[in-house]
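A.B. asks: Next up is a structure, given as structure tokens.
Every read-out reported here was derived from the displayed coordinates using simple, explicitly stated rules and does not represent laboratory data. In this text, all values refer to a predicted model and were calculated from it rather than measured experimentally. Virtual Cβ from ideal backbone geometry, glycine too; neighbours counted across all protein chains shown.
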Amino acid sequence: MRAANQLIHSIIAAGTDTIFSLSGNQIMAVYDAAIDHDITLVHTRHEGGAVYMADGYARSSGKIGVALVTAAPGFTNALGPLYAIRQTQTPMLVLSGDSPLAMDGKMPFQQLDQPQLSAPLVKDSWRVTNPNRLADDIAGAIALARSGRPGPVHISLPQDMLEDDAGLAKTFDDTAFSPEPMMLSNADLPSIMTAIGDAEKPLIITGPSLHPTQAPGVADHLMAALHIPVICMQSPRGMNDPALGKIKVILENADALILLDKDVDFTLASGDIDRLPAERVALIAAQAESIAHASTVLSGRLSWGCIGDPVTAAKALSEVTTVKGPKAWFNHVMKALDARPASPTAATGAGLTAHHLAEAISTHLDPMPLIVVDGGEVGQWAQSVLPRDSILTNGLSGAIGGSIPQAIGMALANPGRRVLAFMGDGTAGFYLSELDTARRMGLPITFIIANDQRWGRKSKYRSGFMALIAPSVARLMRPQAMIASPGDLALMPKKLTIWTSSLPPSRKPTEAASQA
């Protein structure tokens, strides 16, 4: 078996049925191998789009996301999203073609030390040199991506190595792709419970990997078991997260915290005692540096710090029967999280606001929607209205522009479910060409673009500057529906039907239409 075929065989064995890719010289052997296997190869319009699609696929399914890009310029195109994806804690495998091993030291075409470039952005990165080790390398990379704090892993694949013989198809045992266990010690649970045992206002704060879209049911089960509010922080707005209501006030009143692989970073005011005054904090972290950092910034308030992965730790905490949080505090927090500002009143003759648009959309969602909301001002309004447990955001990085390809990945990972992508016209421009990918794949996605021809906060600058940078997405696209005034909102159900059914025929008669 060629190494390229061994690669595809290994990815399928890991439970992933889709690879997102843009073709190039160094990876054509992998394309050839994919044709012979039961796997979908999604050809994208930009390498960054492939990476974001793998992100949406993984975050909405629990499977490993796989992006395949070609060498050098193709690989550098893929680097941009990796910073954001490391912050969203997405388990992902990034595969890049590389110059041939036989040409090392001879200044070959598109030679580049790719692992060195990706190293700060991923959990680990390396170049495969032995085709007989490729299957084990893939299994190890996937297990690493899932272990501890999840994140992307990068492997560089020399062109000639992919053509070499890799032996028989690898037989994997049941644990080959599983995360490495990080169990709490016998001393950890009692110490954590002591930290919050008699607290009057306890909270459990988690990082992105325990969001309901990424770890379904885990946070809810923990909250039901301990009767302590569990709050996932996945937004760069932190204490001003519009999806979390009065989170700032909640944190200012909490007297004890359990942090489940949640860094004491800018989203928690870097531990500032005036904004995060809890007297006792217990931290379960997947990495020792998080504990060391918390110990420094919390100035003696870290009651216990220990190593553990968030999912295993949450399940262990759920089995504790000696602690139950105060009912009045629990009810108060849940109500405060759902608090929202009053809907703004538009002046007579004024156009739509993002808030009004999101409100109208929220009344016509499926019972179990899949939603991705991009960054920027429009996205913040949408997050304040749409159901927070169904939303994937741009994550702690604050990166914008990924929602179109992320929605494509979500749709492919969840066949039969409708996906909604909500964005402004500025963020839409980053990967607008991936609408072609959605159309070719026939995906049931509704892309909603708030077209104010402004860059959110940048609109405060003088008009000459705005004329220079203002996007014009509406002129570039052919939208299937336009909602231009508050009065049009009453037609929202009809407009959504138009988006679904009135697209021009796709390039292939068998392809269904996606909505734009």
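A.B. asks: Over segment 316-402, what is the mean sequence separation of C-alpha contacts under 8 Å (at least six apart), divided by residue count, expressed as relative contact order in percent? Mind showing how you got there, number by number?
C.D. replies: Details: 53 pairs, mean separation 20.9, N = 87.
So the answer I get is 24 percent.
A.B. asks: Using the Karplus curve 6.51 cos²θ - 1.76 cosθ + 1.60 with θ = phi - 60°, what ³J(HN,Hα) values do you get for each residue of segment 2-9, in whole Hz, with x for Gly and Pro?
C.D. replies: Couplings: 5, 4, 4, 5, 4, 4, 5, 4 Hz.
A.B. asks: A further question follows. Grab the beta carbon distance between E200 and S343, set R0 = 35 Å, and tell me the FRET efficiency rounded to 0.05. It would help to have the intermediate numbers written out before the result.
C.D. replies: Details: r = 34 Å, r/R0 = 0.98.
The computed FRET efficiency comes out at 0.55.
A.B. asks: Also, I was wondering about something else. Restricting to Cα atoms and excluding each atom paired with itself, what does the Kirkwood estimate give for segment 3-163 in Å? Mind dumping the intermediate values first?
C.D. replies: On the way: mean 1/r = 0.0663 Å⁻¹.
Result for segment 3-163 stands at 15.1 Å.
A.B. asks: Once each part is reduced to its C-alpha centroid, what is the distance from segment 1-65 to segment 157-206 in angstrom?
C.D. replies: If you average the Cα positions of each part, the centres end up 23 Å apart.
A.B. asks: For the residues M441, M183, what sequence is obtained by ranking on other C-beta atoms within 10 Å, fewest first?
C.D. replies: On the way: M441 18, M183 12.
Result, fewest neighbours first: M183, M441.
A.B. asks: Run down the aspartates and glutamates and flag those whose C-alpha is under 17 Å from the C-alpha of K63, throwing out any fewer than 8 positions away in its chain.
C.D. replies: Hits, sequence-local ones excluded: D17, D38, D55, D174, E180.
A.B. asks: For segment 209-218, take each phi angle, set θ = phi - 60°, evaluate the Karplus expression 6.51 cos²θ - 1.76 cosθ + 1.60, and give the result in whole Hz per residue in order, putting x for glycine and proline.
C.D. replies: 5, 9, 4, x, 6, 9, 9, x, x, 5
A.B. asks: P(r) of segment 345-422 in 5 Å steps, Cα pairs, percent per bin?
C.D. replies: Cα pair-distance distribution for segment 345-422, in percent: 3, 16, 25, 24, 17, 9, 4, 2, 1.
A.B. asks: Which whole-number percentage describes the relative contact order of segment 46-169, with Cα contacts under 8 Å and a sequence gap of 6 or more? Present the calculation step by step, with values, prior to reporting the outcome.
C.D. replies: Details: 231 pairs, mean separation 35.7, N = 124.
Once divided by the residue count of segment 46-169, the mean separation gives 29 percent.
A.B. asks: Let me check the size of the chain from its C-alpha atoms; what are the radius of gyration and Dmax in Å?
C.D. replies: 23.8, 73
A.B. asks: Between D98 and residues 5 or more places away or on another chain, which pairs have amide H atoms under 5 Å apart, with H built 1.01 Å from N, and which residues are they?
C.D. replies: L157, Q159
A.B. asks: Something else now. Please give the length that would be gained between N331 and N240 if that part of the chain were fully extended, namely 0.36 nm times their separation in residues minus their C-alpha to C-alpha distance (nm, one decimal).
C.D. replies: Details: separation 91, 0.36 × 91 = 32.76 nm, distance 2.08 nm.
Here the answer is 30.7 nm.
A.B. asks: A further question follows. Around A215, which amide H atoms from residues at least 5 apart in sequence, or from another chain, sit under 5 Å from its own amide H, with H modelled in the peptide plane?
C.D. replies: So A215 has HN proximity to no qualifying residue.
A.B. asks: Then there's this: In which sequence would R301, R340 go, from the one with the fewest C-beta neighbours within 10 Å to the one with the most?
C.D. replies: Details: R301 19, R340 13.
Fewest-to-most ranking of R301, R340: R340, R301.
A.B. asks: For L68, what residues show an amide H to amide H distance below 5 Å, using hydrogens built from the backbone and excluding near sequence neighbours?
C.D. replies: Excluding prolines and chain starts, which carry no amide H, the hits are F20, S21, L22, L95.
A.B. asks: Ranking request for peptides 105-117, 388-400: highest mean number of other beta-carbon atoms within 10 Å first, then the rest in descending order. Don't skip to the answer; put the middle values down first.
C.D. replies: Numbers: 105-117: 14.3, 388-400: 21.7.
Highest mean packing first, the order is 388-400, 105-117.
A.B. asks: Which value in nm describes the separation of the simple spin-label points at D174 and H227, placed 7 Å from the Cα toward the beta carbon?
C.D. replies: Each label point lies 7 Å from its Cα, and together they span 3.7 nm.
A.B. asks: Restricting things to Cα coordinates, could you compute the convex hull volume per residue of segment 188-337 in Å³? Write down the numbers at each step before the final one.
C.D. replies: Numbers: hull volume 14.1 nm³, N = 150.
Looking at segment 188-337, the number lands at 94 Å³ per residue.
A.B. asks: Run through all the Cα pairs of segment 157-274 and give the fraction in each 10 Å bin from 0, expressed as whole percent.
C.D. replies: 11, 33, 27, 12, 11, 7, 1
A.B. asks: Excluding V128 itself, what net charge comes from residues whose Cβ is under 11 Å from its Cβ, given Lys and Arg +1 and Asp and Glu -1?
C.D. replies: Values: positive: R127, R133; negative: D98, D136, D137, D164.
Local charge sum for V128: -2.
A.B. asks: If packing is taken as the mean number of other Cβ atoms within 10 Å per residue, what is the order of 266-278, 17-29, highest first?
C.D. replies: Working: 266-278: 16.6, 17-29: 21.4.
The most tightly packed comes first, giving 17-29, 266-278.
A.B. asks: For segment 40-53, just list the computed ³J(HN,Hα) in residue order, Karplus coefficients 6.51, -1.76 and 1.60, θ = phi - 60°, integers in Hz, with x standing in for Gly and Pro.
C.D. replies: 8, 10, 8, 8, 9, 9, 7, 4, x, x, 4, 5, 5, 5
A.B. asks: At 222 nm, what helix-only mean residue ellipticity would the chain give, in deg cm²/dmol to the nearest 500, using -39500 (n - 2.57) for each DSSP H run of four or more?
C.D. replies: Numbers: 21 runs with 189 residues, N = 516.
Here the helix-only value at 222 nm equals -10500 deg cm²/dmol.
A.B. asks: Would you order S156, S290, S318 from fewest to most other beta-carbon atoms within 10 Å of each residue's own beta-carbon?
C.D. replies: Details: S156 26, S290 22, S318 16.
Ranking S156, S290, S318 by Cβ neighbours within 10 Å, fewest first, gives S318, S290, S156.
A.B. asks: Taking a 20 Å limit on the Cα-Cα distance, which of the listed pairs K123/K170; K248/K324; K246/K335; K201/K324 fall beyond it?
C.D. replies: Values: K123/K170 25 Å; K248/K324 24 Å; K246/K335 9 Å; K201/K324 11 Å.
Pairs exceeding 20 Å: K123/K170; K248/K324.
A.B. asks: How far, in nm, would the chain grow between K106 and D389 when pulled straight, counting 0.36 nm per residue and subtracting the alpha carbon separation?
C.D. replies: Working: separation 283, 0.36 × 283 = 101.88 nm, distance 5.29 nm.
Taking K106 through D389 to full extension adds about 96.6 nm, to one decimal.
A.B. asks: Continuing with the same structure: Which whole-number percentage describes the relative contact order of the chain, with Cα contacts under 8 Å and a sequence gap of 6 or more?
C.D. replies: Value for the chain: 14 percent.
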